[in-house]
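K.L.:
I am attaching a structure below and will ask some questions about it afterwards.
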Amino acid sequence: MQKLLKSHGGQVENIKLVSMDMSAAFEAGFRQNFPNAEITFDKFHLSQSANKAVDSVRKDERKGHEALKNTRYTLLYGNEDLPIDKGTELDDIIESHPKIGLAYELTEVFRDLYSISDAESAASHLAFWCDKADDSNLVPFQSFAKTIRNHWNGIIAYFKFGKLNNGLHESINTKIQLAKRRARGFANIDNFIHIIYFISSKLKLDYHTIH
């Protein structure tokens, strides 16, 4: 990692902060190569973990309840983003399945974390959320709360150091993977690199017209 950075003119001591997901391998590699820098765990990966938890509860409840079939995406919407035509469906699910209702509430309270501006308030909110998750008796959320506690400093660092996240890089990576799938892969790595630059650089390609 250090060699790659230096080959592009970078300096190890200039790396002060990095955003990553909660992969143990990523964290170990980073700490080995940049021991003096801070880690902040990406909010999008944390939100994804919350979504996986609520979907796990839905899957458990779905056994014997055909009405829950194809309701996954209804539960993944935040309240403020919920389409009008999904509102009644969500209300019915929550009323008929209290465990799913509690799971959805926990997910909504977790989403509120990222509307907080300062680290101290964020830490208080997160501690409250973890206690609520522990008391829920919902195993996916109890497991998520344990993960949060194990990565506490890196999660709170998001609020301490300017809310750094991986949003831009994830967007570019999505474009890259789409190009790879459309091409059914690339046999030549140079061609793959060229197409990555091409689709990610926002080049304005004006075609010349011969009159």
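K.L.:
Could you tell me which of the residues Glu105, Glu80, Glu89 is at pLDDT below 90, part of a helix (DSSP H, G or I) and under 18 Å from His125 (Cβ atoms)? Break it down stepwise before answering.
P.N.:
Working: Glu105 fails: at pLDDT below 90; Glu89 fails: under 18 Å from His125 (Cβ atoms).
From the options Glu105, Glu80, Glu89, the qualifying one is Glu80.
K.L.:
May I pose another question? What helices (runs of 4 or more DSSP H) lie completely within region 1-67 and have 3 or more residues being closer than 30 Å to Leu90 by Cα?
P.N.:
Working: elements: 2-7, 24-33, 43-62.
Answer list for region 1-67: 43-62.
K.L.:
Being without any contact (Cβ under 8 Å) to a residue 12 or more places away in the chain and either touching a Pro at 6+ places or on another chain (Cβ under 9 Å) or under 20 Å from Ala50 (Cβ atoms) (or both) is the filter here; which residues of region 84-102 pass it?
P.N.:
Listed by number, the residues that qualify are Ile94, Pro98, Gly101.
K.L.:
Hey, another quick one. Conditions: (1) surrounded by 13 or more Cβ atoms within 10 Å (Cβ to Cβ); (2) modelled with pLDDT under 95; (3) closer than 27 Å to Thr174 by Cβ. Ser96 meets all but one. Number of the miss?
P.N.:
Ser96 satisfies every listed condition except (3).
K.L.:
While we're here: Against the definition (at pLDDT 85 or above and among the acidic types (Asp, Glu)), how does Asp60 come out, yes or no? Reasoning before the result, please.
P.N.:
Working: at pLDDT 85 or above: yes; among the acidic types (Asp, Glu): yes.
When the stated conditions are applied, Asp60 passes them.
K.L.:
Let me ask something additional. I'd like to check something: does region 79-95 contain any residue that is touching an Asp or Glu at 6+ places or on another chain (Cβ under 7 Å) and more than 23 Å from Ser143 (Cβ to Cβ)?
P.N.:
Quick first cut of region 79-95, residues touching an Asp or Glu at 6+ places or on another chain (Cβ under 7 Å) only: 79.
Within this subset, residues satisfying the condition of being more than 23 Å from Ser143 (Cβ to Cβ) are 79.
Yes: region 79-95 contains one or more residues that are touching an Asp or Glu at 6+ places or on another chain (Cβ under 7 Å) and more than 23 Å from Ser143 (Cβ to Cβ).
K.L.:
Out of the residues in region 52-74 meeting the condition of being crowded, with 17+ Cβ neighbours inside 10 Å and in contact (Cβ under 8 Å) with a residue 40 or more places away in the chain, tell me which one is farthest from Gln142 (Cα to Cα).
P.N.:
The residue in question is Arg58.
K.L.:
Considering region 115-169 alone, what residues qualify as being assigned to a loop (DSSP other than H, G, I, E, B) and within 20 Å of Phe44 (Cβ to Cβ)? Walk me through it before giving the result.
P.N.:
To start, the set of residues in region 115-169 that are assigned to a loop (DSSP other than H, G, I, E, B) comprises 116-118, 136-138, 151, 161-166.
If the condition is that a residue be assigned to a loop (DSSP other than H, G, I, E, B) and within 20 Å of Phe44 (Cβ to Cβ), then Ile116, Ser117, His151, Phe161, Gly162, Lys163, Leu164, Asn165, Asn166 are the ones that fit.
The values are calculated or read from the model by the stated rules, or taken from the named source; none is laboratory data. What you are looking at is a predicted structure, and each value in this text was computed from that prediction instead of being measured. Cβ: placed from backbone, ideal geometry, glycine included. Neighbour counts: every protein chain shown.
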